[in-house]
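Some notes on the structure that comes next.
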Amino acid sequence: MDHRLSIPIELLTSSGQVSDLARILFQERRIAVDTESNSGHRYPERVCLVQVATNSKVYLIDTLAVNDMKPIGEVLADETVVKVIQGAEYDMRCLDREWGFRVRNLFDTSVAARFAGMKQFGLSALIEALLGVHVPKHARIQKSDWSRRPLSEEALNYAATDVWYLLSIRKALE
């Protein structure tokens, strides 16, 4: 099955939108989280995009446009909401460095795949093996300068795809 992301994607560019999102996320039992940084293009690197998925929608937070990320930090620190992250170590380091965020109640899909005995535990491999969906990874987008605005439609879809399948992967691994 080929990858066609046909889910609602919302790009958030204001602190008010982030506050509204936090209220929504506190009502969820599980959310998926990912980040995009400009590590190959700037030093020190910056988190340029935070992606959050629920079962029904992907929210892309333009962290270069948003002044107050604190509401997201409160969600990440909340122990009642499970945060599903693929290869969480890097994202957690970035979130801590950028805003001092701590992530509690974490489910790392990469670690879980290793515990389940899977030999390949990269995101694309997990999506294909567990969900039967082929998602092409475009290194050109993955390694692009995420601080450049405006973000292309292709980049936004790439970022949304990175987080959209994580809740289903968690369920399959559990």
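The values are calculated or read from the model by the stated rules, or taken from the named source; none is laboratory data. Computed from a prediction, not measured in an experiment: that's the story for all the values here. Methodologically, a virtual Cβ is constructed for each residue, glycine included, from the backbone with ideal geometry; neighbour enumeration extends over all protein chains shown. Each accessible area value is taken on the protein alone, full model and side chains, heavy atoms only, with ligands, DNA and RNA left out. Shrake-Rupley method; radii C 1.70, N 1.55, O 1.52, S 1.80 Å.
Which one, Thr54, Tyr43, Ala113, projects farthest toward the positive side of the charge dipole computed for region 1-135 from Cβ point charges (K/R +1, D/E -1)?
Of the options given, the answer is Ala113.
Run the helix sum for the chain: -39,500 (n - 2.57) per DSSP H stretch of 4+ residues, divided by residue count, reported at 222 nm to the nearest 500 deg cm²/dmol.
When only DSSP H runs of four or more count, the value is -11500 deg cm²/dmol.
Per residue, how much accessible area does the chain have with a 1.4 Å probe, in Å²?
Result: 52 Å² per residue.
Which cross-chain or sequence-distant (5 or more) residues have an amide H under 5 Å from the amide H of Gly87, H modelled 1.01 Å from N in plane?
Thr109, Ser110, Val111
Express the relative contact order of region 111-174 as a whole percentage, based on alpha carbon pairs under 8 Å and six or more residues apart in sequence.
Once normalised by length, the contact order is 37 percent.
Suppose every Lys and Arg Cβ carries +1 and every Asp and Glu Cβ carries -1, with no other charges. What dipole size does the chain come out with about its Cα centre, to the nearest 20 debye?
280 debye
Nearest-5 percent of antiparallel DSSP beta bridges in the chain?
Within the chain, antiparallel bridges account for around 50 percent of the total.
For Arg30, what residues show an amide H to amide H distance below 5 Å, using hydrogens built from the backbone and excluding near sequence neighbours?
So Arg30 has HN proximity to Val82.
Residues with beta-carbon under 15 Å from that of Asp78, excluding Asp78: net charge, scoring Lys, Arg +1 and Asp, Glu -1?
Residues close to Asp78 contribute a combined charge of +4.
Once label points are set 7 Å from the Cα along Cα→Cβ at both Arg140 and Lys119, what is their separation, rounded to one decimal in nm?
3.2 nm
Within region 1-155, how many Lys pairs that are eight or more residues apart, or on different chains, come under 26 Å at the alpha-carbon?
10
How much length, in nm to one decimal, is gained on full extension between Ser56 and Glu128, taken as 0.36 nm per residue of separation minus their Cα-Cα distance?
Values: separation 72, 0.36 × 72 = 25.92 nm, distance 2.06 nm.
Length gained between Ser56 and Glu128: 23.9 nm.
Over the chain, what is the relative contact order in percent, taking alpha-carbon pairs closer than 8 angstrom and at least six residues apart?
Averaging sequence separation for qualifying contacts and normalising by length gives 28 percent for the chain.
Can you give the relative contact order of region 29-68 as a percent, counting alpha carbon pairs under 8 Å and 6+ residues apart?
34 percent
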